[in-house]
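The values are calculated or read from the model by the stated rules, or taken from the named source; none is laboratory data. Keep in mind that this is a model prediction, so the values were computed, not measured. Cβ: placed from backbone, ideal geometry, glycine included. Neighbour counts: every protein chain shown.
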């Protein structure tokens, strides 16, 4: 299997971890030698209820018995998608009332950018340095990391970049700007939170010049920060909200949400303003609906903030320079890339899954399932401390 993996499946890095998976349950993933790995990554924030959560699995199985794909997006009434979008609206500010379901977060970003251009009649997009919004051509155009995109130019024109948390840069948002797109908490950059009412100031500037504000909640959304969406911490409501990852409960999904008035612009002049074959797939929508119900009807979001406190209490070591983030979207910052690499690999050997961030080479991702227990957190943190104690600065 390993040789076939390298021979037939396209790779994204020269050295993938190449652990062969047998099964997964709760907070654990098992390899084909039946070794258990405590999962502190949750599929890069995509499995908020852990692995094989019974409510998610039962929802998927029930939908399998009814129908799979029947028609391209938006033509037929399919109960799972309707109930999912209604539940989202019921848990969002009134201005965010209608949702377009897609196959992935990056596809939702593409739809959001198109909608902003269509609504404003403007072409300029403003994004942030060290931003990551996905890897399709439009999403890559607003990636604030030249090293990752230089090989694929030319990309979208008329994209400008500002520095996250830099209030002075807001002057670059003008009447030429169609939209400003920001991650509510910068992910690939190292889990950078907005400071000093930064998002409020961006919101006010957008309002002043008639630009739309798009917030990318693909990572912080779906309860991970202790609120259903990260923007709820920062007194800032976007014009367009983008989500993905955790919404699917382990299934592939994306979504962008806006007012009904904005969303109507995709229906006409031209018709089929944004189309997809498999967006809103009934099986995936059923999984997402079960996930969203469990998160909104339980106390998992409140627990996320308590679990953050426990992690911060337990992860004290000279080689941990800082812990960034909020809730269960956390990153350890070590003194060097070499220490980070060593820590992640040593912990995997010891049965704990950690992972990297895209752009901050000294960061170690800690994004476990929201369902992780305090005992499992203590176990994982103990493995981290033991591993750090074997590493020399």
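Return a yes/no flag: does segment 80-98 have any residue that is part of a strand (DSSP E or B) and surrounded by 20 or more Cβ atoms within 10 Å (Cβ to Cβ). Within segment 80-98 (the criterion being part of a strand (DSSP E or B) and surrounded by 20 or more Cβ atoms within 10 Å (Cβ to Cβ)), the answer is no, since none of the residues qualifies. Of all residues in segment 266-277, those satisfying the criterion of being surrounded by fewer than 16 Cβ atoms within 10 Å (Cβ to Cβ) and in contact (Cβ under 8 Å) with a residue 40 or more places away in the chain are 275, 277. There is no residue in segment 148-158 that is buried (at least 16 other Cβ atoms within 10 Å of the Cβ), in contact with a strand residue (DSSP E or B) (Cβ under 9 Å, 6 or more places away or on another chain) and not assigned by TED's automatic domain parsing to the domain that holds residue 365.
Condition (residue is assigned by TED's automatic domain parsing to the domain that holds residue 183 and under 21 Å from residue 232 (Cβ atoms)) applied to segment 116-123: is it met by at least one residue? For segment 116-123, residues assigned by TED's automatic domain parsing to the domain that holds residue 183 and under 21 Å from residue 232 (Cβ atoms): absent.
Scanning segment 258-278 for residues that are under 20 Å from residue 91 (Cβ atoms) and touching a helix residue (DSSP H, G or I) at 6+ places or on another chain (Cβ under 8 Å) yields 258, 262, 263. Restricting to segment 21-44, and then to whatever is surrounded by 11 or more Cβ atoms within 10 Å (Cβ to Cβ) and without any contact (Cβ under 8 Å) to a residue 40 or more places away in the chain, can you tell me which residue is nearest to residue 56 (Cα to Cα)? Here the residue is 25. Number of residues in segment 130-147 that are assigned to a loop (DSSP other than H, G, I, E, B) and either surrounded by 18 or more Cβ atoms within 10 Å (Cβ to Cβ) or touching a helix residue (DSSP H, G or I) at 6+ places or on another chain (Cβ under 9 Å) (or both) equals 10.
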